[in-house]
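The values are calculated or read from the model by the stated rules, or taken from the named source; none is laboratory data. In this text the structure is predicted, and so the values were computed from the model without any measurement. Because the Cβ atoms are built from the backbone with ideal geometry, glycine has one as well, and the counts that use them run over all protein chains shown. Side chains are part of the model used for accessible areas, which takes the heavy atoms of the whole protein and leaves out ligands, DNA and RNA. Shrake-Rupley method; radii C 1.70, N 1.55, O 1.52, S 1.80 Å.
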Number of protein chains: 2
Amino acid sequence: MLYEVKVFISLKEAVLDPAGAAVKSSLHHLGFAGVEDVRIGKVMTLQIESTEDKIEAAVTEMCEKLLANPVIEDYRFEIEEVVSQ
Amino acid sequence: MLYEVKVFISLKEAVLDPAGAAVKSSLHHLGFAGVEDVRIGKVMTLQIESTEDKIEAAVTEMCEKLLANPVIEDYRFEIEEVVSQ
């Protein structure tokens, strides 16, 4: 079965986000004074061939081993079956 | 009114994703042979003070002017009102 998995990776709340701070200040320079905070994360969209009973454990292992840095990042994911037309 | 806006930025389909390709090959090296494709995008979470009639136009302008590169990226966003406790 082919699955489409969206992995959302974000910095833990306590972690400083310099890239977000830079975007915020640029937006202020462009005149968007109402912007109070900017946090930047990643979305990884994976196409994975797997079986229903294994997909969740496999994605969790991918996140723990490679996709997310457990020290500074949190992750969550959404799994969808790809139905071929 | 305070709004939380999530801006999803992704590479246009026709654009090569070298970072995604690198993650895919690393996952294969870790034994996840079932991974067929990886695409990496960004999620920007913004806290914005605005009025209901202006927020959508302001976020569109931010995306067009700074947050997304219109040549190689697509964007979409979700706007939510932040209800103070």
Legend entry - Complete set of residues in segment B:15-44 that are charged (D, E, K, R) and in contact with a Lys or Arg (Cβ under 6 Å, 6 or more places away or on another chain): B:D17
Legend entry - Checking A:A58 against (1) open to solvent by 60 Å² or more (accessible area, probe 1.4 Å); (2) small (G, A, S); (3) at the interface with another protein chain (Cβ under 9 Å from one of its Cβ atoms), the condition it does not meet: (1)
Legend entry - Some residue of segment A:11-26 being more than 24 Å from B:A22 (Cα to Cα) and either touching a helix residue (DSSP H, G or I) at 6+ places or on another chain (Cβ under 8 Å) or within 7 Å of chain B (Cβ to nearest Cβ) (or both): yes
Legend entry - Enumeration of residues in segment B:46-55 that are within 7 Å of chain A (Cβ to nearest Cβ) and either part of a helix (DSSP H, G or I) or open to solvent by 30 Å² or more (accessible area, probe 1.4 Å) (or both): B:Q47, B:E49
Inset, instruction - Evaluate the following for A:T45: is it of a type in the set (S, T, Y) and without any contact (Cβ under 8 Å) to a residue 40 or more places away in the chain? - result: no
Legend entry - Extreme residue, surrounded by the most Cβ atoms within 10 Å (Cβ to Cβ), among residues of segment B:69-85 that are in contact with a Lys or Arg (Cβ under 9 Å, 6 or more places away or on another chain) and not in a strand (DSSP E or B): B:I72
Inset, instruction - Looking only at segment A:12-41, count how many residues are assigned to a strand (DSSP E or B) and surrounded by 18 or more Cβ atoms within 10 Å (Cβ to Cβ). - result: 5
